[in-house]
Amino acid sequence: MAKINFTAGRVNDFKCPPDKQQAFIWDSVTEGLGLRSTAGSKNYIFQGKLAGQAIRIKIGGLDRYTIDDARKEARRLKTQIDEGRDPRTVKAENIAVEVAKREQAKHKQALALDAWNEYIKARTPKWSQRHKADHESMARLGGEKVTRGRRNNPEGITEAGILRHLLTLPLSAITRDAVAAWLEPEAIKRPTRTRLAISLLSTFLTWCSDRPQYRDQINLDACKRMKQDLPKAQTKDDCLQREQLQSWFENVRKIENPTQCAYLQCLLLTGARRNELSGIRWDDVDFRWLSIVIRDKVEGERTIPLTPYVASLMLELRRLNNTPPNVLKLRRLEAQGEEWKPSPWVFSSTNAKDGRIQEPRIAHNKALTAAGLPNLSIHGLRRSFGTLCEWVEMPAGISAQIMGHKPSAIAEKHYRRRPLDLLRVWHTKIEGWILEQAGIEQPSIEAGKLKLAARKA
């Protein structure tokens with residue numbers, strides 16, 4: 001194999017003959033350095049022997065390498081072969097190391113929000129809708145227009161979720177100091193929400209510690225013992241007393257909106273959670289067998305009795321729901337290419353986006369003010385039901401089953417399977433007692449038909 005001293009002129013003038021696919025010239029100065037020319041390009045190459053076998057490696061084109069650079073690279077490759085290492089394997093290993101470094105750097109720079117969204121996606125099948133909504137609201141961007149509840153938000157814009165600031169940081173930046181700095185103002189502003197946020201963030205970091213892509217970036221002690229810096233959670237005890245029932249019913253029944261009026265009364269008389277009750281469809285109500293199917297966060301769904309007074313309220317709502325609107329509204333709908341249909345929701349609302357009642361607090365607070373009663377939350381109505389059940393000596397397991405509480409003892413969990421008829425006996429009894437205290441006559445049910453009795457004013 002003839003060798004020549006590579007010069008700029010010789011390298012530039014060298015061309016592949018037209019009758020060949022490629023041609024080579026070799027440098028006399030550096031062992032193994034060659035120049036390969038094809039019809040379309042010229043590249044420096046290195047050729048040597050490893051374990052008795054010839055190997056050829058491309059160095060690069062004339063536009064990237066000068067003659068001195070090519071000689072330097074050829075000597076480096078020759079050194080690797082002399083050491084018994086295959087330059088191709090060394091190159092592949094170096095590339096893998098660089099790729100790993102880039103991926104690691106990418107993860108370190110990635111926002112914690114990306115991992116948070118992946119966490120929600122992975123855990124959603126095991127969560128309730130409420131638990132998922134809590135995680136989504138914690139990371140909410142904010143800045144959206146508010147359509148209701150503007151009394152405490154005069155600007156009419158939603159604020160960012162409580163964890164949004166922390167989640168916009170890289171995972172590695174969520175340190176104990178960062179959490180402490182975030183915690184101080186939030187604990188003053190909204191302590192209850194902050195307590196939940198700390199709990200969710202801690203669980204999220206634990207989840208990340210089990211994932212190889214995040215394991216080296218998190219600080220597991222970031223939330224450790226942080227709750228001790230928060231004010232102690234205040235136990236809520238708002239509850240209607242027996243002597244307050246008459247005043248409460250009188251003023252709630254004066255609410256002009258029939259849906260809100262019935263909804264608030266049904267909350268008290270069923271002990272259901274507010275979202276459970278607002279989510280009832282007409283398909284869930286059986287007026288023949290007097291039952292209601294409620295979708296809850298414990299068992300997925302439960303069936304409770306449809307008591308006489310609650311049935312009367314729902315029958316009136318069904319009558320209103322099935323009554324077509326006036327002619328003008330029907331014509332307006334036709335002009336818009338729409339067709340009127342009864343709502344599938346028991347507690348429907350034409351103003352709500354999803355068509356069901358969303359915010360009964362304003363009407364409820366006005367009724368409380370008119371009645372001269374202390375502040376009572378919507379959840380306080382559920383608490384009131386559970387408390388008032390003791391007046392009729394209802395077994396705790398029955399009230400828990402009606403309200404959708406988890407069984408609190410082994411016997412309740414494994415040995416009590418109460419039929420709907422047994423629940424109806426007690427549920428009807430507590431409804432009758434509550435109405436009696438309010439001065440309202442309970443309707444009677446005979447032969448499967450609801451007979452509405454005259455209601456006392």
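For the range 362-409: of the residues being within 15 Å of L277 (Cβ to Cβ) and of a type in the set (S, T, N, Q), which is modelled with the highest pLDDT? Among those residues, the one meeting the criterion is S384. Take L290 and tell me if it is in the same structural domain as Q442 (by TED's automatic domain parsing), touching a residue at least 40 places away in the same chain (Cβ under 8 Å), surrounded by 13 or more Cβ atoms within 10 Å (Cβ to Cβ) and touching a strand residue (DSSP E or B) at 6+ places or on another chain (Cβ under 7 Å). Taking the combined requirement at face value, the residue satisfies it. Can you tell me which of (1) within 60 Å of the chain's Cα centre (by Cα); (2) within 13 Å of K78 (Cβ to Cβ) is the one S41 doesn't meet? Exception for S41: condition (2).
Listed here are the residues, each with its yes/no results for (1) assigned by TED's automatic domain parsing to the domain that holds P308; (2) over 19 Å from T307 (Cα atoms).
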residue	(1), (2)
S202	no, yes
L205	no, yes
Q213	no, yes
A222	no, yes
N251	yes, yes
A262	yes, no
L267	yes, no
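Of the residues making up the range 293-304, one or more are modelled with pLDDT under 85, touching a Lys or Arg at 6+ places or on another chain (Cβ under 8 Å), assigned by TED's automatic domain parsing to the domain that holds W433 and closer than 28 Å to Q244 by Cβ.
Each residue in the range 222-278 was checked for being modelled with pLDDT of 90 or more and among the acidic types (D, E), and 4 pass.
Any residue in the range 12-26 that is assigned by TED's automatic domain parsing to the domain that holds T89, hydrophobic (A, V, I, L, M, F, W, C) and under 27 Å from T89 (Cβ atoms)? Yes, the conditions are met somewhere in the range 12-26. Scanning the range 158-189 for residues that are outside any helix (DSSP H, G or I) and in contact with a helix residue (DSSP H, G or I) (Cβ under 9 Å, 6 or more places away or on another chain) yields a count of 8. Among the residues of the range 401-408, are any in contact with a strand residue (DSSP E or B) (Cβ under 7 Å, 6 or more places away or on another chain), touching a residue at least 60 places away in the same chain (Cβ under 8 Å) and buried (at least 20 other Cβ atoms within 10 Å of the Cβ)? Within the range 401-408 (the criterion being in contact with a strand residue (DSSP E or B) (Cβ under 7 Å, 6 or more places away or on another chain), touching a residue at least 60 places away in the same chain (Cβ under 8 Å) and buried (at least 20 other Cβ atoms within 10 Å of the Cβ)), the answer is yes, since at least one residue qualifies.
Yes/no per residue for (1) under 20 Å from H379 (Cα atoms); (2) in contact with a Leu (Cβ under 8 Å, 6 or more places away or on another chain):
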{"residue": "T270", "(1), (2)": "yes, yes"}
{"residue": "S291", "(1), (2)": "no, yes"}
{"residue": "D296", "(1), (2)": "yes, no"}
{"residue": "E301", "(1), (2)": "yes, no"}
{"residue": "I304", "(1), (2)": "yes, yes"}
{"residue": "M314", "(1), (2)": "no, yes"}
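In the range 196-218, the qualifying residues are those that are crowded, with 19+ Cβ neighbours inside 10 Å and not in a helix (DSSP H, G or I), and the one that is farthest from the chain's Cα centre (by Cα) is Q217. Of all residues in the range 278-294, those that are farther than 15 Å from Y309 by Cα, part of a strand (DSSP E or B) and in contact with a helix residue (DSSP H, G or I) (Cβ under 9 Å, 6 or more places away or on another chain) total 2.
Being under 28 Å from W345 (Cα atoms) and in contact (Cβ under 8 Å) with a residue 12 or more places away in the chain is not true of W207. Filtering L269, L315, L264 for residues that are in contact with a His (Cβ under 6 Å, 6 or more places away or on another chain), touching a residue at least 60 places away in the same chain (Cβ under 8 Å) and part of a helix (DSSP H, G or I) leaves a single hit, L264.
Please verify whether T307 is touching a residue at least 40 places away in the same chain (Cβ under 8 Å), crowded, with 17+ Cβ neighbours inside 10 Å and polar (S, T, N, Q), treating the condition exactly as stated. It is true that T307 is touching a residue at least 40 places away in the same chain (Cβ under 8 Å), crowded, with 17+ Cβ neighbours inside 10 Å and polar (S, T, N, Q). Note on the range 334-366: among residues that are under 16 Å from P258 (Cα atoms) and either in contact with a Lys or Arg (Cβ under 7 Å, 6 or more places away or on another chain) or outside the structural domain of E316 (by TED's automatic domain parsing) (or both), the one that is surrounded by the fewest Cβ atoms within 10 Å (Cβ to Cβ) is E359.
The values are calculated or read from the model by the stated rules, or taken from the named source; none is laboratory data. Keep in mind the model is a prediction, meaning the values are calculated, not measured. Don't worry about glycine lacking a Cβ; one is built from the backbone with ideal geometry, like all the others, and counts go over all protein chains shown.
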